[in-house]
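Asks: First the structure, then my questions, so here it is.
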Amino acid sequence: MVKQKVYRKHIQLTEFQIKRLYELSEFDGIDPAEHAMRAIDAYLKSKKTDVPVKSQAQIRTKVKDQSNDPQIEGAVWVSGTVNQYEFSALILKTPAKTAMEKGRISKLSIWDPAVRKATNNFIGACIVNYDRGWDIRPSRRAEIYYHPVKAMLDEFIAAH
């Protein structure tokens, strides 16, 4: 059995806590989700759960496959690896409103294949997931893998 690394915490709030978040948001104009993320980050930092951050030189991205999407004309699926993670992205022929940064990346997932195999849960294994909108934004720990993949996809788009 593969031991899973915990990169994010699932925390359930009480009705009282949710009400207080909304009251605080009305007071200062900041989104309640932002307040919750700040509180969770502060809590995790106090627990010293940080893992050593890898440097950009230690991150290796590699495209393993690219294939045309049979349903969308001119769209291409690009898949590969970034260190121990796998990624898959749908690149559109032209920019779209629902694409990442209104560009050509319509979908991007980065996941841990060991967690996916152990749990048989794709979303549960994802550290980043964009599907015409953010489902799982890159956390501080996932950014080190997200940025090289995004840069590589941007280069791919520029070349095609």
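Asks: For labels at residue 88 and residue 154 in the simple 7 Å Cα→Cβ model, what's the distance in nm?
Replies: The two pseudo-label positions are separated by 2.5 nm.
Asks: So how far apart, in nm, are the two label points at residue 35 and residue 79 if each is 7 Å from Cα heading toward Cβ?
Replies: Going by the 7 Å Cα→Cβ label model, 4.3 nm.
Asks: Can you list the GluC sites (Glu not before Pro) in region 70-118 that are in a DSSP coil and have 10 or fewer other beta carbons within 10 angstrom?
Replies: Answer in residue order: 73.
Bear in mind these aren't lab numbers, they're just calculated from the coordinates by the rules spelled out. For clarity, every value in this text was computed on a predicted model and none was experimentally measured. Please note: Cβ atoms are built from the backbone with ideal geometry, for glycine as well, and neighbour counts cover all protein chains shown.
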